[in-house]
Structure formats: structure tokens, C-alpha cells
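A short write-up of the structure that comes next.
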Amino acid sequence: MIKTKNIPLSYKDVPSSWVFEHYCNLPYQLNTDIVKIKSLWNSEKTPSMVISYKNGGYVFKDFSSGKSGNHIDLVKEVYNIPLNEALFKLLKDYTDYVTANGLPKIAEEIKIEEKYKFTDYEIRQWNTQDSNFWTSFGISSRTLDRYNVKPLSKVVLSKSDCADIEFTPNFCYGYFTNQNELYRIYQPFSKQKFVILNAKYLQGLNQLRFKSDYVIICSSLKDIMSFSETGINADLLAPNSENSLLEKSVVTWLKTRYKHIIILFDNDKAGKNAANKYCIYDIRSINLDLKKDISDSVKAFGIEKVREQLLIELRKYKNENFSS
């Protein structure tokens, strides 16, 4: 019989590892800093849901649905219930488990698995294939140069006690800071399109001019570059991903520099859900109802059509003239 002292009294007594093991039906104990599984919300062949250990607990990010958060958010999303119901269910399910099985085994130590790191690269010359790819999104060589996008011919991966891995992709681009630091690798025709080297870097930060009342938060650097080609007078930024909510300190700083902060994410469910999260900062969003994102819209309809639609949406947001 389970002793009463083992029965949890609060949802705070529930280990986050047990929550993920239980509600994700994991056949193993969580004891590493990162695990990738198939989405709980979408049918898929390639796992896109990442469970990772951060700041003393497990969190998740499901790239196929855009859902993310801690163990409590997981319960909310799995059962589509509000916070108070999620906390009640979490505590009840855990209490039932402990009553029947005793306290679950919790890993005494989380294994931090060393990952391959990019340690070297080579920059090549631009070619016709590159030109055809970027100009299809309305992005010129001048804009690529302004945002420090460079074509790569070789990339080297390294890890302790392992031989270096060198590969020479056909379509591979490096995103650099103004200090020539590589912070992201983009392979548009690879299954893994992005490799993020510095998740803290805010894309577009080095290119801010502070000559507009408006800063537009886009979903990617490619969208930033396509937007910039419209000639609309606004500064542009993009977080690490749509699901990476800008920190409060960053938003506070932006509000001291701009009259308006506007969210313009992808025109899909994940993008709209991510945009809605900025309501906590009292920041509104607009929607470009053409293609999935700005760059795809330019590719399908051309710069002028996208400019026209963006101005319509921006004027709906605020009855002011955004034209440059």
C-alpha cells in the first residue's frame, strides 16, 4: 500500500519528466537533454517534435503544429483544455499513478549529449543557379550583400573523439552578422533547411536604420529581404523562429525606438498562433492573404502585387501612409 506521504499535494510536485513520459507514451525514461519524437497532433513520417531539458525541467516544441511550452502546456494542448483544467488533470493523473505504482523513477543525472558543431566553412562565388533562386523571391544581389548572405562551398562538422565530417552541398548559404560571425546555415533543398548556430541572434538587427516609426517582425530572414524589396518604409526583424517569442526586454527596447511594432508571420495556423502570443505585449499582427509567407507571395504574384497588398493591410492597422 502506498504511503500517504508519497501522494502529491500540488501540481508543482509532479516531475516534468513523468508528464512527458506519460502523456507522450514514451517507452523509455527521459534522462538525456534532448529527444525527438513524432508529432502528437499531426501524422508524419519524420519526427518533428523536440523534447529538451532546460533550466531544471523538460519543455517541448512541435515544429509541425507550432505548439510549444513546458509540461503544463503539453497537457493543455493534448487535451485542448484551459490552464485550470490542465492543472487539475495533471495532479489527478499523477496522484492515480503514484497510488497504483509508487513514485516514478527520476533520472539522477541528465546526460548532455555532445552535438556536432560547425567548425569551418568556405565561401564560393555566386553563380547562375543562385541568381535564379534568390531573384525568384524578388531578392537582389544588393539586398543579399546588405544582409550578409553568402554562398558556401564547404562545411565542416566536428565533435570530440570523432572524425570531422566534411560535406560540399550544391545549394548552401551562410547568414553572417556585420562582424562576419556565421549564425545560421540555410539549405533550401535539404530536408533540414536550417542549421542554427546562434539562436540568440535577432535577424535583421544589424540592418536597422531607425528612420521609420514602424518595425515589422517577420518569420524569417528571407521574408525580411523580400519585404525590403517592396520599398515600404519600415525596419524589419525576425526572431530565431516564429515559435521563439521575443524576450520582454527586447520588446521594451523596441517600443522606445519605434511608434509601432507589427507582427507579420506566415499565413497558416502555426503562424497565426505564434502571432497571437504577442498579445501579452499588446502587439497586434497583420496578415498577407496571398501565399504562405512574404517570399512565396512575391514568387507567385510579383513585388508590385505584394507591395499593394502589404500597404492595404498596414493602412488597415493604422490609417497612416507607409509609402516611402
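The values are calculated or read from the model by the stated rules, or taken from the named source; none is laboratory data. Values in this document were obtained by computation on a predicted structure and should not be read as measured data. FYI the Cβ positions are ideal-geometry reconstructions off the backbone, even for glycines, and counts take in every protein chain you see.
So here's what we get for this one:
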{"quantity": "Residue tally, condition buried (at least 17 other Cβ atoms within 10 Å of the Cβ), in a loop (DSSP other than H, G, I, E, B) and aromatic (Phe, Trp, Tyr), over segment 175-195", "calculated": "0"}
{"quantity": "Flag if Ser244 is assigned to a helix (DSSP H, G or I), among the small types (Gly, Ala, Ser) and within 21 Å of Leu208 (Cβ to Cβ)", "calculated": "no"}
{"quantity": "Test result for Ser17, under 19 Å from the mean Cα position of the chain (by Cα) and not assigned by TED's automatic domain parsing to the domain that holds Asn273", "calculated": "no"}
{"quantity": "Residue in segment 196-216 that is touching a strand residue (DSSP E or B) at 6+ places or on another chain (Cβ under 6 Å), of a type in the set (Ser, Thr, Tyr), under 29 Å from Phe301 (Cα atoms) and in a loop (DSSP other than H, G, I, E, B) present", "calculated": "yes"}
{"quantity": "Where a residue in segment 63-86 is at negative phi and its partner, wherever it lies, is acidic (Asp, Glu) and buried (at least 16 other Cβ atoms within 10 Å of the Cβ), with Cβ under 6 Å and at least six apart", "calculated": "Lys67/Glu77"}
{"quantity": "Residue count, segment 180-236 (criterion: within 25 Å of Lys117 (Cα to Cα) and aromatic (Phe, Trp, Tyr))", "calculated": "5"}
{"quantity": "Of the criteria (1) basic (Lys, Arg); (2) modelled with pLDDT of 95 or more; (3) within 18 Å of Asn240 (Cα to Cα), which one Arg146 fails", "calculated": "(3)"}
{"quantity": "Members of segment 125-151 found to be within 16 Å of Thr177 (Cβ to Cβ), part of a helix (DSSP H, G or I) and charged (D, E, K, R), listed by number", "calculated": "Asp145, Arg146"}
{"quantity": "Residue in segment 115-151 that is nearest to Tyr175 (Cα to Cα), counting only those that are touching a Leu at 6+ places or on another chain (Cβ under 9 Å) and aliphatic (A, V, I, L, M)", "calculated": "Val149"}
{"quantity": "Output for segment 247-260, where each listed residue is more than 19 Å from the chain's Cα centre (by Cα) and either part of a helix (DSSP H, G or I) or surrounded by 15 or more Cβ atoms within 10 Å (Cβ to Cβ) (or both)", "calculated": "Thr252, Trp253, Leu254, Lys255, Thr256, Arg257, Tyr258, His260"}
{"quantity": "Some residue of segment 93-113 being in contact with a strand residue (DSSP E or B) (Cβ under 9 Å, 6 or more places away or on another chain), outside the structural domain of Glu181 (by TED's automatic domain parsing) and of a type in the set (Gly, Ala, Ser)", "calculated": "yes"}
{"quantity": "Filter result (among the charged types (D, E, K, R), under 15 Å from Ser219 (Cβ atoms) and free of Cβ contacts under 8 Å to residues at least 60 places away in the same chain) within segment 266-288", "calculated": "Asp266, Asp268, Lys272, Lys277"}
{"quantity": "In segment 38-71, residue surrounded by the fewest Cβ atoms within 10 Å (Cβ to Cβ) [restricted to those that are modelled with pLDDT of 80 or more and among the basic types (Lys, Arg)]", "calculated": "Lys54"}
